[in-house]
Amino acid sequence: MWLLVLAGLGWMVSQRLKISTDLRSFMPAPTTPDQRLLMEQVGDGPGSRLLLLAISGGHATVKDASSDAQLAALSQSLAGALRKDPRYTQVLNGSFDLAALDSSLLPYRYLLSPTLDTQPLDEAYLSDQLQQRLDDLSSPAASLLKGLLPRDPTLQMLKLAERWTPAKAPETRDGVWFSPQHEALLLVQTRAAGFDPDAQQRAIDGIQHAFHALPGNAAAQLEFSGPGYFSVVVGTQTRNQANWIGRISSVGFIVLMLLAYRSLSSLLLSALPIASAALAGIAVLTLVFPEVHGITLAFGFTLLGVAQEYPIRVLSHRRAGEDAVQSVRALWPLLLTAIASACIAYLAFYASGVNGLKQLAVFTIVGLLVAGFSTRYLLSHLLPVHVRDVADRPGLAPARAFVDRLPRPRWIPVAVALLIVLMLAVAPGSFWQNNLAALTPLPQDMLLRDARLREALGAPDVRYLLVLQAPTEQGVLALSEQLQPKLDALVARRAVDALELPSLYLPSIALQRVRQQKLPDHSTLQRELTLALQGLPFHADLFQPFLDDVETARSLTPLTPERYAQTPLGQRLAAMLVQRDGHWLGLGTVSGVHDVAALQALGENSNGSVRLLDLKAASESLVAVYRTRILQALLVASMLLVLTIALALRSLQRAWHVLAPMTLATFLVLAVERVAGIEISLFHLVALILAGGLGLHYALFFERDTGDLAEQRRTLHATIVCVLSALLVFGMLGWATIPVLRAIGLTVSLGVAFHFCLSILMAPHAAHRSSDPAAKD
């Protein structure tokens, strides 16, 4: 029946479970405008959705014009394929793409281009432009110009394309961007959020598939960089390390259980409460939350490690010839206290208000309750009737005697507390880890390659945003236009390499109308063009499409962001114009910041309408707020824990023997890690709670004294098995190269060791009220 229930839960989970990968679920709810903007930009901002691509000639050492031409052809073919794929909103490689401006919008070029701000369409300007076109027709660009010349003799479309190209564009060869290392470069903006590793993986897979489908790709190599690619790399590394560590530790745990209990049936049956806990926890999550985060499941299974101690206690404390139900009944008060205490500790996650941690709390609490009660009311009825009493194991009696002989001076807690204070006082560096990037470091060569590609491409900085605020989107565009001269001055004096504001892509309606009024009527433009054509070998009727476009532009309704959004470049503009709390924000991207103070000075005397947003500083403040909430929740949980233990044991002195070792061990772990130079992150706090849940079991059972020496040996056996199993699993994690896994593994391993030692040293001496033959061994 138990297996049937588990099968039913498994079917329910398979039908309802939807996995989320948006890491923002594990970030706290933002409380300030900058923090809200940070959360949006981390996932959907233009910088977070950029992939930087480089096509190189494989391992070839000779770089010549022919190899560059081959790479350029691959770049053009790849860009063409990606522009047809809806997964990518913008693809830039240095070539002029006429599709970037819809044919129906081509007359708008005179309203979008700044040419008319300083230059009228008169005879002098047209004559100069036509003379330049005559020279261009004898150049390698003639094939491109022949199609554009009749409609656009002043090349406004090319000027717009140049205007929309990154300000610090790479060298162009064969019509595409190249790096100094002879790599063809591309910038690809994904539709998928940058904080969604699975969606970014699909976007990267799409690019790789398109590249491998190109003829002539065999000798070339495609490399990626950018935030989305980094999230995929980190996720893959974490999964791979967690998988092999999990496999090794699982085999080790099975071997340990077989050595400890010498019963395959007991091992298999003891897995049922853990399986029940996992399935029940996931099932409840699918009922309470529309999507379950993958990290919730990963961390949840780790935190459920506490539950493995419930069947271990039952197996170790069984007496030969005693029914398992009777053994569990005697242990149940302590087990129930341990279960309730662990659930109270994990309630701190729910009180944090963070969706991911709330899921983690629900999963873990439900799992612990199901594991505990299934051990009590189901497992005890299934265990074999005949078992060996572990109290008779060779070597266990001397081990217990050694433990009982250990001195337990009253000054141990004071000495440990003073040691903790001393270590924390001399610890180097800052106490808390606020830099999220330090938790997921990338290989140095990958970071250097990203910096090189970002510099070559002039890609926007992922740290800074220039934020413009106005009541309307037109107000943001007007403010952007007013600010542009100041930004040009900053670029001129090299305070920054480039700044990109929303008005770069779409001028305000007011400016479009001003430019529109400067357009000459048909007869005037015809006269000026006729005068400009004198002495030039162009047919008089060649430029009729140009005259028609200008006439059309005179009566156009100015472009709005809504209309512009229907174009490929509209996606770029949409990412830069955001409506928030009854006002509009314009997000200006910055490249190559050399003088932060100069950028911050733009916001002076602006009454908050212009400000520089440091995403790194905003993230650190968000982490600090996050940590404060969790610490407050932990403080409340600690008070409830003290009350629960005191009521369960009905003695403050007994509660002291349980809570003091757990508290001191927790702070001792913190002190040791700080002396080692480790800054404490959220993951360390999660691991400390897990270690505390494990240590509570040790203290509870060492404090319990039945006066039976055999029972004391069973307690020691159970505790040793629990400690070894925890050290096996989390000790492996401590060897991981992924900082998050290493933080959890190291913290829990240290915690388990310190909890075990202090639980022994601070427990009362065992009573010797019974004569047990084994005691004389």
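The values are calculated or read from the model by the stated rules, or taken from the named source; none is laboratory data. The model shown is predicted, which means the values in this text are computed figures rather than measured ones. Here Cβ is always computed from backbone atoms with ideal geometry, including for glycine, and neighbour counts include all displayed protein chains. Ligands, DNA and RNA are excluded from the accessible area calculation, which covers all protein heavy atoms including side chains. Shrake-Rupley method; radii C 1.70, N 1.55, O 1.52, S 1.80 Å.
Can you pull the accessible area of residue 432 for me, 1.4 Å probe, Å² to the nearest 10?
Only protein atoms counted, so the area is about 70 Å².
What fraction of the Cα pairs in region 569-720, stated in percent, has a spacing above 26 angstrom?
Values: 6370 of 11476 pairs.
I get 56 percent for the Cα pairs in region 569-720 exceeding 26 Å.
Quote the relative contact order of region 487-614 in percent (integer), defining contacts as alpha-carbon pairs under 8 Å separated by 6+ residues.
Numbers: 103 pairs, mean separation 49.0, N = 128.
Relative contact order, region 487-614: 38 percent.
I need the phi-derived Karplus couplings for region 734-742: 6.51 cos²θ - 1.76 cosθ + 1.60, θ = phi - 60°, integer Hz, Gly and Pro marked x.
Taking θ as phi minus 60°, the curve returns x, 8, 5, 8, 6, x, 5, 5, 5 Hz for region 734-742.
Could you work out the per residue convex hull volume over the alpha carbons of region 380-537, in cubic angstrom?
Roughly 519 Å³ of hull volume per residue.
Give me the percent relative contact order of region 215-336, please, defined on Cα pairs under 8 angstrom at least 6 residues apart.
Over region 215-336, the number comes to 18 percent.
With Cα Rg over 2.2 N^0.38 Å defined as stated, name the option among (i) 1.25; (ii) 0.96; (iii) 1.06 computed from the structure displayed.
(i)
At what distance in angstrom do the alpha carbon centres of region 214-273 and region 592-648 lie from each other?
Spelled out, the Cα-based centre of one part sits 34 Å from the other.
With N denoting the number of residues in region 641-687, provide Rg(C-alpha) divided by 2.2 N^0.38 Å, to two decimal places. Each step should come with its number before you reach the end.
Details: Rg = 14.0 Å, N = 47, 2.2 N^0.38 = 9.5 Å.
So region 641-687 has a normalised radius of gyration of 1.47.
Report the Stokes-Einstein translational diffusion coefficient (µm² s⁻¹, integer) for region 237-322, Rh taken as the Kirkwood radius over Cα pairs, at 25 °C with viscosity 0.890 mPa s.
Working: Rh = 14.8 Å.
The Stokes-Einstein estimate is 166 µm²/s.
Any idea how many Lys pairs in the chain come in under 26 angstrom at the alpha carbon, given 8 or more places apart or on separate chains?
Lysine pairs, 8 or more places apart or on different chains, close enough: 13.
Amide H to amide H, which residues 5 or more places from residue 461 or on other chains are under 5 Å from it, using H placed in the peptide plane?
Answer set, sorted by chain and number: 590, 591, 592.
To the nearest 10 square angstrom, what accessible area does residue 616 show with a 1.4 Å probe?
80 Å²
For residue 566 and residue 635, compute 0.36 nm times the residue count separating them, minus their Cα-Cα distance, and round to one decimal in nm. Don't skip to the answer; put the middle values down first.
Numbers: separation 69, 0.36 × 69 = 24.84 nm, distance 5.28 nm.
Contour length minus Cα-Cα distance gives 19.6 nm.
At a Förster distance of 30 Å, what's the computed FRET efficiency of residue 652 paired with residue 422, Cβ-Cβ distance as r, to 0.05?
0.60
Excluding residue 307 itself, calculate the net charge of residues whose Cβ lies under 13 Å from the Cβ of residue 307, where each Lys or Arg counts +1 and each Asp or Glu counts -1.
Net of charged neighbours comes to +1.
How much net charge surrounds residue 202 when only the other residues with a Cβ under 12 Å from the Cβ of residue 202 are counted, with Lys and Arg +1 and Asp and Glu -1?
Here the charged neighbours net out to -2.
Equivalent-ellipsoid semi-axes (√(5λ), Cα gyration tensor) for region 345-416, whole Å, largest first?
36, 28, 8
What dipole magnitude, in Debye to the nearest 20, does the chain give about its Cα centre under +1 on Lys/Arg Cβ and -1 on Asp/Glu Cβ?
Dipole magnitude for the chain comes out near 3400 debye.
Taking only C-alpha pairs under 8 Å that are 6+ residues apart, what is the relative contact order of the chain in percent?
In percent, rounded to a whole number, it is 21.
Using only the Cα atoms of region 105-168, build the gyration tensor, take square roots of its eigenvalues as a ≥ b ≥ c, and label the shape rounded, prolate or oblate: rounded if a/c is under 1.5, else prolate if a/b is larger than b/c, else oblate.
Judged from the Cα gyration tensor, region 105-168 comes out oblate (a/c at least 1.5, b/c at or above a/b).
Once you list every other residue whose beta carbon is under 12 Å from the beta carbon of residue 289, what net charge do they have if Lys and Arg are +1 and Asp and Glu are -1?
+2
Would you list the P(r) distribution for region 451-559, with all Cα-Cα distances sorted into 10 Å bins from 0 and each bin expressed as a whole %?
Histogram of Cα-Cα distances, whole percents per bin: 11, 28, 23, 23, 14, 1.
What Rg and what Dmax come out for region 334-380 when only alpha-carbon atoms are used, in angstroms?
Radius of gyration, then largest Cα-Cα span, for region 334-380: 11.7, 38 Å.
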